[in-house]
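Values quoted throughout were computed directly from the atomic coordinates according to the rules given, and no laboratory measurement underlies them. Here the structure is a predicted model, which means the values were calculated and not measured. No Cβ is skipped: glycine too gets one built from the backbone with ideal geometry, and neighbour counts run over all protein chains shown.
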Amino acid sequence: MTSGKDKGAPQGGARPSRTAIKAVRGTRDLLPDQTPLWNRVEATARAVFARYGFGEIRTPIFEPTELFARGVGEETDIVSKEMFTWEDRARAASEKAQSLTLRPESTAGVVRAYIEHQMGETGALQKLYYIGPQFRRERPQRGRYRQFWQIGAEVIGPPSSGSESPLRDAEVLEMLASLLDELGVRGWTLELNSVGNTEDRARYNQALREALAPVKDRLCPDNQRRAETNPLRVLDSKDEQDQEIINGLPKIADYLGAESREHFAQVRAVLDACGVKYHVNPRLVRGLDYYTRTTFEFTVQTGLGTQNALLGGGRYDGLSEMLGGPKAPGIGFAIGEDRLILVLQEQAKQDAEAAGVAASEEKLDVYVAPLGVAQNAAALALARELRRDGLSVEVGDGTFKLRKSFDIADRVARNIVLLGEDEVAGNSATVKTFATGEQRKVGRGELASVLRLQ
Ligand code: HAM
């Protein structure tokens with residue numbers, strides 16, 4: 001017997017076989033009961049991006065490892081511990097062996113594409129969005145996976161295109177606020193900070209180095225190393241014992257130069273004018289090295305537990321140059337789509353509980369039930385007609401008992417169409433609508449329009 005739990009076991013009485021293969025830890029299958037919500041989220045994101053003048057970019061899922069080492073930063077958790085990297089052997093004398101990596105994020109790849117296709121030469125601001133999987137070897141838990149999806153966007157261009165303007169930062173943030181509202185995400189908080197320009201960051205790094213020197217020996221080995229190589233990354237550390245020292249470290253806000261302070265003030269002024277609420281969080285430095293000036297996260301309290309960052313982003317004015325390209329300031333974000341879905345599912349559950357009803361399921365327009373094997377062909381021909389008319393249709397089988405046809409139909413569709421000898425001969429069909437219990441005979445010609453009204 002195959003039990004419900006024993007999903008991997010062979011069906012239909014086949015002899016027990018080898019151990020069933022499971023999805024790799026940290027990866028998931030998204031089954032048809034989940035994908036409608038994913039598609040709705042993606043369709044809404046695409047529609048909002050279009051309203052703000054963004055075009056879609058699709059970059060490869062793997063890139064040279066060096067792209068992330070240089071762009072995201074050697075000392076970040078992502079690059080130092082979480083990448084799926086392999087040595088790609090040369091297959092021909094004309095090829096070189098190289099180290100490749102499954103993308104852990106998409107900003108570096110988008111900026112590589114911007115440089116490679118000389119998109120800056122147009123002089124115009126580039127507004128690009130992407131939706132796709134990312135890969136990080138993190139410890140899997142709710143809201144944290146090894147393959148996860150991001151919906152992201154980047155605004156990048158030569159300084160003459162206005163790419164450095166605080167208006168761009170505010171517009172991206174305002175767009176995100178609108179997108180989350182349109183998706184129905186409730187109770188989000190926008191956490192905002194500025195990590196300064198390259199010079200501010202250099203001064204701040206120096207201050208951190210000095211503050212860390214006398215306490216370095218008490219830090220975990222990773223942080224001891226970072227205290228020397230990239231002290232800003234000590235601030236991302238999740239090591240519990242180091243938190244007391246981390247909390248006492250200097251704050252970036254005290255090291256911002258006049259230019260960065262002014263830029264940040266303008267971003268906030270535009271947000272105020274648009275009525276987008278935010279909370280300034282001076283500890284928000286973000287775990288990637290390319291950030292300059294504005295950094296942000298949107299957090300939520302529902303459904304994510306400790307992984308409460310729904311999305312993150314910021315400005316990266318020096319990234320293009322770090323990757324060998326022209327000066328091209330930019331700002332962008334990535335939404336964790338898996339987390340967004342968890343939040344929406346949790347909210348829907350809470351709403352359904354509050355209203356005392358089960359969360360509603362999408363149903364097909366109609367289930368076509370042939371009453372005998374002789375009507376099977378006519379049933380499929382009718383389904384073909386109805387589908388061509390834009391209706392969603394499932395077809396049963398003439399071997400099914402009437403009771404079984406009704407049971408299946410009631411589960412999957414709003415109407416059942418019965419097709420027996422009489423109906424086929426009379427070019428008609430018997431329709432029952434489950435919500436009202438009404439049953440009637442309808443001529444073939446008017447069937448689609450009748451069903452569409454139910
Ligand atoms: P990030 O903060 O590393 O930024 O990731 C953005 C979002 O992706 C996070 O807030 C989270 O929702 C989601 N995320 C990250 N790791 C996982 C995971 N293991 N499982 C599920 N969701 C995850 C970036 O990736 C930057 N590229 C964002 C950006 C774009 N900055 C500028 N432009």
- What is the range 317-454's relative contact order, in percent, from Cα pairs under 8 angstrom and six or more apart in sequence? 19 percent
- Helix 35-51 versus the longest principal axis of the chain: what is the Cα-based angle in degrees, 0 to 90, to the nearest 10? 60 degrees
- Query: Once both axes come from the Cα atoms, what is the angle between helix 376-388 and the longest principal axis of the chain, in degrees from 0 to 90, rounded to 10?
  - Reply: 50 degrees
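If Lys and Arg each add +1 and Asp and Glu each add -1, what is the summed charge of the other residues whose beta carbon sits under 9 Å from the beta carbon of ASN197?
Details: positive: ARG201, ARG293; negative: GLU199, ASP200, GLU259, ASP317.
So the surrounding residues net to -2.
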- Given only helices, namely DSSP H runs of n ≥ 4 each adding -39500 (n - 2.57), what is the per-residue ellipticity at 222 nm of the chain, to the nearest 500 deg cm²/dmol? -10500 deg cm²/dmol
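Normalised by the number of residues in the range 159-317, what is the relative contact order in percent for Cα pairs under 8 Å and 6+ residues apart?
Numbers: 208 pairs, mean separation 57.8, N = 159.
Relative CO of the range 159-317 lands at 36 percent.
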- Kindly provide log₁₀ I(q)/I(0) values, in the same order as q = 0.20 Å⁻¹, from the Debye equation applied to equal alpha-carbon scatterers of the range 336-395. -0.75
- Expected-Rg normalisation [2.2 N^0.38 Å, Cα atoms] applied to the range 296-454: 1.69
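Hey, got the dipole for the chain? About the Cα centre, +1 on K and R Cβ, -1 on D and E Cβ, debye to the nearest 20? Intermediate results must be reported in sequence, preceding the final value.
On the way: 61 positive and 64 negative charges, 263 e Å.
With Lys and Arg at +1 and Asp and Glu at -1, about 1260 debye.
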- Value of D in µm² per second that Stokes-Einstein yields for the range 92-153, Kirkwood Rh from Cα pairs, at 4 °C (1.567 mPa s): 91 µm²/s
- Hey, if you put +1 on the Cβ of every Lys and Arg and -1 on every Asp and Glu Cβ in the range 56-149, which of TRP149, THR85, VAL110 ends up farthest toward the positive end of that dipole? TRP149
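Between rounded, prolate and oblate, where does the range 82-219 land on the alpha carbon gyration tensor, with a ≥ b ≥ c its root eigenvalues, rounded for a/c under 1.5, else prolate if a/b exceeds b/c? Don't skip to the end; give the middle numbers.
On the way: a/c = 1.26, a/b = 1.07, b/c = 1.18.
Rounded, because the longest to shortest axis ratio a/c is under 1.5.
Which whole number of Å³ per residue matches the convex hull of the alpha-carbon atoms in the range 141-247? Spell out each step's value before the answer.
Working: hull volume 19.1 nm³, N = 107.
Output value, Cα hull per residue: 178 Å³.
Using the count of nearby Cβ atoms within 10 Å as a rough guide to exposure, how do SER260, SER194, SER161, SER17 rank from fewest to most? Please report the intermediate quantities before stating the final value.
Values: SER260 22, SER194 28, SER161 19, SER17 9.
Listing SER260, SER194, SER161, SER17 from fewest to most nearby Cβ atoms yields SER17, SER161, SER260, SER194.
Could you please report the charge total around THR65, scoring K, R as +1 and D, E as -1 over all other residues with beta-carbon less than 13 angstrom from its beta-carbon? Walk me through the numbers before you get to the answer.
Working: positive: ARG70, ARG103, ARG112; negative: GLU63, GLU66, GLU74, GLU82, GLU87, ASP88.
Neighbourhood net charge equals -3.
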- Task: Report, in degrees rounded to the nearest 10, the 0 to 90 angle that the Cα long axis of helix 337-355 makes with the longest principal axis of the chain.
- Result: 60 degrees
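If you wrap the range 279-383's Cα atoms in a convex hull and average its projection over all directions, what's the area in nm²? Write down the numbers at each step before the final one.
Details: hull surface 56.5 nm².
Its Cα hull, projected and averaged over all orientations, spans 14.1 nm².
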- What nm distance separates the two modelled labels at ARG186 and MET322, each placed 7 Å from Cα along Cα→Cβ? 3.9 nm
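Work out the length of the dipole vector of the range 364-446 about its Cα centre, built from +1 on the beta-carbon of each Lys and Arg and -1 on the beta-carbon of each Asp and Glu, and round it to the nearest 20 debye. Please list the in-between numbers first.
Details: 12 positive and 12 negative charges, 26 e Å.
Around 120 debye, computed over the range 364-446.
Counting each pair of different Cα atoms once, what's the Kirkwood radius of the range 49-141 in Å, rounded to one decimal?
Values: mean 1/r = 0.0670 Å⁻¹.
Kirkwood radius, the range 49-141: 14.9 Å.
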- Query: Relative contact order of the range 94-180: what whole-number percent is it, with Cα pairs under 8 angstrom and at least 6 residues apart?
  - Reply: 26 percent
- Pulled fully out, how much extra length does the chain show between SER178 and VAL412, if you take 0.36 nm times their separation in residues and subtract their Cα-Cα distance? 80.8 nm
- When only alpha-carbon atoms count, how far does the chain stretch along each of its three principal axes, as whole angstroms with the largest first? 89, 58, 54
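Return LEU232, LEU183 ranked ascending by Cβ neighbour count within 10 Å, so the fewest neighbours appear first. Numbers along the way, then the final one.
Details: LEU232 22, LEU183 18.
Final ranking by Cβ density, sparse to dense: LEU183, LEU232.
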- With eigenvalues of the C-alpha gyration tensor scaled by 5 and rooted, the range 370-424, Å: 17, 15, 8
- Could you pull out every one of the lysines with an alpha carbon less than 28 Å from that of LYS363, ignoring same-chain neighbours closer than 8 positions? LYS5, LYS7, LYS349, LYS401, LYS404, LYS432, LYS441
- Message: Which of the three applies to the range 244-312, rounded, prolate or oblate, going by the alpha-carbon gyration tensor with a ≥ b ≥ c and a/c under 1.5 meaning rounded?
- Response: oblate
- Item | the range 196-330 - Rg (one decimal) and Dmax (whole number), Cα, Å | 16.1, 48
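Calculated FRET efficiency, ARG51 and GLN206, Cβ-Cβ r, R0 45 Å, to nearest 0.05? Each step should come with its number before you reach the end.
Details: r = 44 Å, r/R0 = 0.98.
It comes to 0.55.
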- Message: Given R₀ = 35 Å, what would the calculated FRET efficiency be for LEU402 paired with ALA43, taking r from the Cβ atoms and rounding to 0.05?
- Response: 0.35
- Item | THR35 paired with GLU346, simple spin-label distance in nm, labels 7 Å along Cα-to-beta-carbon | 2.6 nm
- State the percent of C-alpha pairs, over all pairs in the range 289-351, separated by a distance greater than 14 angstrom. 62 percent
